[in-house]
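Below: one structure, written as structure tokens.
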Amino acid sequence: GENVEQHPSTLSVQEGDSAVIKCTYSDSASNYFPWYKQELGKRPQLIIDIRSNVGEKKDQRIAVTLNKTAKHFSLHITETQPEDSAVYFCAASRSKLVFGAGTILRVKS
Amino acid sequence: DTAVSQTPKYLVTQMGNDKSIKCEQNLGHDTMYWYKQDSKKFLKIMFSYNNKELIINETVPNRFSPKSPDKAHLNLHINSLELGDSAVYFCASSQNLGVSHQETQYFGPGTRLLVL
């Protein structure tokens, strides 16, 4: 079955810097890759997603890139703000969502 | 106007008890899910239903039994609760646009279950 690995497990950045979170997946048939943000005590919420027919997608300060050949995808957050502090989960799906273990992002002001 | 709602929000109970968690979505979605998030924040799918039909049943103990009375509701009943069942249980829903489980999933607020 699908296995998703996510790195780093924790990431601390200074406000205004960029943050990058990387994921690799094992099932080459997976073709949907969402990213979820979960604030402390709250529900996961989709922030961006990408499908396998697209290499890159951007939404304001957030971008996702996908390399299908290498089976990895990354989340890029630019100009980080304290409110970006949360746990970020990547996921891959062929027939069900399989999540990575999460990255705790801390943005220091 | 909550899109996906769950009750109760908190559940504290003794080992061996039976408990239920209810989930409702008013988004008109066809597919609903149960996820378990353990103490290390790992999020794993347990079940999914599409139009009241069971689609995914992960390797979950038989003590867990989902029930979908209609496509807007998906409940989770847990028998003989064990310490290891302590976790946050999230319900989610998505629209089925013909591509299995590849549409945005909207999560409920979670039910924090603590088994003593």
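Within the option set B:Q6, B:Q25, being within 11 Å of the chain's Cα centre (by Cα) and buried (at least 18 other Cβ atoms within 10 Å of the Cβ) holds for one residue only, B:Q6. Applying the condition of being at the interface with chain B (Cβ under 8 Å from one of its Cβ atoms) and free of Cβ contacts under 8 Å to residues at least 24 places away in the same chain to segment A:40-49 and asking which residue is farthest from the chain's Cα centre (by Cα) yields A:K42. If you go through segment B:1-51 and keep only what is modelled with pLDDT of 95 or more and among the small types (G, A, S), you end up with B:S5, B:G16, B:S20. Output the residue which, of all residues in segment B:38-52 that are touching a strand residue (DSSP E or B) at 6+ places or on another chain (Cβ under 8 Å) and among the charged types (D, E, K, R), is surrounded by the fewest Cβ atoms within 10 Å (Cβ to Cβ). The selected residue is B:D38. Pairing residues of segment A:25-39 that are crowded, with 19+ Cβ neighbours inside 10 Å with residues that are among the β-branched types (V, I, T), at Cβ distances under 7 Å and at least 6 apart in sequence or on separate chains, gives A:Y25/A:V4; A:F33/A:I50; A:W35/A:I47; A:W35/A:I48; A:W35/A:V64; A:Y36/A:I47; A:K37/A:I47; A:Q38/A:V87. Residue count for segment A:61-109, restricted to those that are hydroxyl-bearing (S, T, Y) and touching a helix residue (DSSP H, G or I) at 6+ places or on another chain (Cβ under 9 Å): 1. When the criteria are applied in full, B:K44 fails the requirement of being out of contact with any Pro (no Cβ under 6 Å at 6 or more places or on another chain), assigned to a strand (DSSP E or B) and more than 14 Å from chain A (Cβ to nearest Cβ). Residues in segment B:64-86: is at least one within 11 Å of chain A (Cβ to nearest Cβ) and among the hydroxyl-bearing types (S, T, Y)? The answer is no, given that none of the residues of segment B:64-86 is within 11 Å of chain A (Cβ to nearest Cβ) and among the hydroxyl-bearing types (S, T, Y). Within segment A:65-109, the set of residues being part of a loop (DSSP other than H, G, I, E, B), at the interface with chain B (Cβ under 10 Å from one of its Cβ atoms) and touching a Lys or Arg at 6+ places or on another chain (Cβ under 7 Å) comprises just one member, A:G102. Taken over segment A:72-84, the criterion of being more than 11 Å from the chain's Cα centre (by Cα) and touching a residue at least 40 places away in the same chain (Cβ under 8 Å) is satisfied by A:T78, A:E79, A:T80, A:Q81, A:P82, A:D84. The conditions of being over 29 Å from A:I47 (Cβ atoms) and of a type outside the set (D, E) are met by B:N17. Does B:Y33 qualify as being touching a residue at least 24 places away in the same chain (Cβ under 8 Å), within 23 Å of A:G102 (Cα to Cα), within 16 Å of the chain's Cα centre (by Cα) and within 11 Å of chain A (Cβ to nearest Cβ)? In short, yes. Across segment B:85-102, the qualifying residues are those that are touching a residue at least 24 places away in the same chain (Cβ under 8 Å) and not polar (S, T, N, Q), and the one among them that is farthest from B:T7 (Cα to Cα) is B:H101.
If you go through segment A:21-41 and keep only what is assigned to a loop (DSSP other than H, G, I, E, B) and among the polar types (S, T, N, Q), you end up with A:S26, A:S28, A:S30, A:N31. Of the residues contained in segment A:50-64, one or more are found to be free of Cβ contacts under 8 Å to residues at least 24 places away in the same chain, buried (at least 20 other Cβ atoms within 10 Å of the Cβ) and within 14 Å of chain B (Cβ to nearest Cβ).
The values are calculated or read from the model by the stated rules, or taken from the named source; none is laboratory data. Everything numeric here is computed off the predicted structure, so don't read it as measured data. Because the Cβ atoms are built from the backbone with ideal geometry, glycine has one as well, and the counts that use them run over all protein chains shown.
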